[in-house]
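The values are calculated or read from the model by the stated rules, or taken from the named source; none is laboratory data. Fair warning: this is a prediction, and the values are worked out from it, not measured in the lab. Cβ placement follows ideal geometry from the backbone for every residue including glycine, while neighbour counts extend to all protein chains displayed. The accessibility values were calculated without ligands, DNA or RNA, using every heavy atom of the protein model including side chains. Shrake-Rupley method; radii C 1.70, N 1.55, O 1.52, S 1.80 Å.
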Amino acid sequence: MKFTKVLACLLAASIPAALHADDGARFDLVGPKIQVRITRGSTTLPIAQVPNLQPGDKIWVKADLPSTQSNHLLLIVAFLRGTTNEPPDNWFTEIDTWDKKTTEGTTITVPKDAEQALLFVAPETGGDFKTLRSAVKGKPGLFIRADADLNEASFEQQRIERYLAAMKTVPQDDPKAIQDHSAKLAATLALKPNAACFKQPVAQQVTCLTQSSAPVLLADGHGQSIADALSSGASSDFITAASTTPVAIASVYSAYVGAVVDLVHLASLLGTAQYQYIPGLSFPQDATLNLKLNAPPSFHNPKSVIVIGLPAIQKAKLPPLHPHDPKQVACLLQPKMALQLEGAPLVFSTDFAHNIVLHLNRTSGAPADLPLKPDAYEGGLILAKEEAHKPLPEGKPQEDSTPSAKPDTKTAAGADLTVTGTIRGYWGFDTFEGPTLTLQQVDGKDWKIVGDSQLLAGKDNHLTLQGDGTACVQHIALTSDKEKPVDVTVKPDAGKDGKASKNTLALDVSLKTVQPGGYALAIQQYGEANQDKVPLTAYTSDIHPTDIKIHAGDNTATLTGQGLKDIVSVQIADQTFTPTDSGNDDKTIHLQAKSGVSPTDGSSATVKLKDGRTMNAKVSTEAARPSLKLLSFKATPAQREGAIPVTLGAKDDIPLEGKLTFVVQTKEVFPHTQTIEVATANGSVHTSLSFTANDLVLQDEHTAIATLDPMKAFGQSAFGKLQMRPVAKDGTPGDWTPLGTLVRTPEITAIQCTTADAPTCAANGKNFFLVQSFSAAKDFSKPTDVPTGFAENTFAIPTPADGTTLYLKLRDNSAAIATVKLPTPIQKSPSAAATPPAPNTSSPQGPH
């Protein structure tokens, strides 16, 4: 802020009778209204459209006072020409506002060598005009700096007021709109909002931004250059020195946070009146200077003189507008097209820029000029609804910038996708040309999703949409035949440099409430009734195959991850692995293939899902698992003293009470640290054979003989399929190899038969419950079942048909038929045929 310089200058002058306004005074008091118009040549503009004056300009001034005005006010228009060059007396014009001669206004011409212009409003008193003129002529440097600082402060305050007014129109319950519009306003007006406001509840954000914490002004070299008309040299050195005094720094002006600004009171050296100079910030509106004061005017000594800065007398400082994003493309088909521009805040906070058009640089057809108007709320220049303004008579456009009466945005069939447009307009009385922008003039086409195009149901998704021209996209929704349309958030896709790309859009698609299935992106463009559609599929979410573990040479593998129930197959090296039938869950899938593979550790496998998608999973290849080849095995039943032997019916039946010997062989040298695990197929019992336990004996470096006592190793309750596998020192197991079926047999000590014709014989012994059924013949046409849980020591068995062999099916392997040879063949009795068979009364017969 520049008011510190004003204070410093006045203090440096050592003027007596210095008084200060109360601390905390804001510029919220309404001052008198002054009507001002400027005429240059044959063109007249209201003061709100005039950023600078030039020698020869005619200033029309009129006090806009109420009819009930009782105090006589004096208007004085003063021109200055430097801090060390006293202005002549005729550069001061006295206007008696109460005089009927001034009711139509007073016209003053800007002198040839004038550099600054000021307006004073003072109460009528004796010697008033001469006293004021003498004070200004005596210390012109003070008032020169006051002129520049008043103008700059007004410019700054207008930027603040424009931001505050615009933010109050934003929907109070829309956090996105609040942030978006605050960002646009801040960029165009060169402000910095308080970021802490966006952390508050939505209902309090606008209040915070507009009342509790107004934005901070950023440096605006353009506004400063317009306000400051001081020439270089010794005079400016004085101002610089004065403005850096400690007193000046202590009185920094900030109207929007309520700090104090003082123009120190001056006492006239001519002796007839004392005046207190107070600043008046001007807020021009059309031809009216609306003034705001920070202290009430006084009509008693010291009487108040309001000091008002008029535009600097200098050449035009044209606005340095530039695009917010040079890569951004605007859409000519958009009814509310906004050209995002920044670099000249006064374009958006004042009316200095007017009669603005967008000149379309077409190579064919009639040139078109589209009327524009500044709109800080939208962050740039927007199409004006009203008819385009006519050019000023005295304007000298750099090129033909005559706006058409009816802007035409239509393009012929086959027109180029884009066209350039140049910003042209008037800055006060002068023409200016702004940046040239790229504009899309026909609808985009050739839409497709690039990059990761997978939509996952139940999640927020991010897609990149590519097309030939994306600027005219109005709205995008995700549609389907079954679901309600889902709005898609669309924004320019930021490239590697962080700038928007003209060919791609970033889409945020929320599928938290939709089901997997077929969908389409419905793309609505400006000026187009039909929608373009891009088909998409929403897939089941939370499927994450992460790691595949496999041993070199194996045809089995294990896939881990999340949501694996929809896995169809996995391609590892040149083999297709499919899930096994058992042992799988949502986090682990066991895979198998026809042949083994040895993939590179860290390589990638392709996972195929039921919905047709493919994903990648990392392969972790471990060392080859140990392997054994079963050459032979022999099961020898134990001899039970006093018991009749039971001969098992299958070659691979292994008696629990006996000895199992099998021979295995390896391709490599048989490791001494390797063990052999033997277990039932259901894993209920198992044991390990090793060299240290003398269960394994090497025949040569590749062949080993294994010996196992099943009863000792497993106990009397072991039965079922028996298998073996090698286990390496680190615990890595090889594949299971079947050995046979572990079978338990009853202990039969005696079989007593009367004659061969008798229907039954009595069998003595124990563990008859291990038998499912007995039969006299091999075909088991008339079996005798053993009741479940039978625990007696005698059981009535059918008399063997041949008198020698008894057939039985064991519960541990009922598919095989075991036999028992009677120690003594049964002799036939001559009368046995006439004797009816006796019933088996040895035990109750129950169901098997």
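Quick notes on this structure:
- Cut-off 14 Å between beta-carbons: net charge of the residues surrounding Asp812, Lys and Arg +1, Asp and Glu -1: +1
- A full extension of the chain between Glu677 and Lys565 corresponds to an added length of 37.1 nm, given 0.36 nm per residue minus the alpha carbon distance.
- Highest mean packing first, where packing is the average number of other Cβ atoms within 10 Å per residue, the peptides 816-823, 151-158 line up as 151-158, 816-823.
- Pairs beyond 26 Å (Cα-Cα), from Lys58/Lys130; Lys33/Lys184; Lys629/Lys651: Lys33/Lys184
- Protection proxy ranking, highest mean first, for peptides 416-427, 767-778: 416-427, 767-778, where packing is the per-residue count of other beta-carbon atoms within 10 Å, averaged.
- Above 16 Å, the calculated P(r) of the stretch 481-565 contains 71 percent of its Cα-Cα pairs.
- Annotation: peptides 192-204, 306-318, ranked by per-residue average of other Cβ atoms within 10 Å with the highest first, follow the order 306-318, 192-204.
- Carbon + sulfur, % of accessible area of the stretch 461-560 - ligands and nucleic acids excluded, 1.4 Å: 45 percent
- Tensor-based shape of the stretch 682-806 (alpha-carbon gyration tensor, a/c under 1.5 rounded, otherwise prolate or oblate): prolate
- Cα gyration tensor shape of the stretch 419-460, rounded if a/c is under 1.5, else prolate or oblate by comparing a/b with b/c: prolate
- Annotation: aspartates and glutamates with alpha-carbon distance below 19 angstrom to Lys484 (same-chain offsets under eight excluded): Asp460, Asp508, Asp532.
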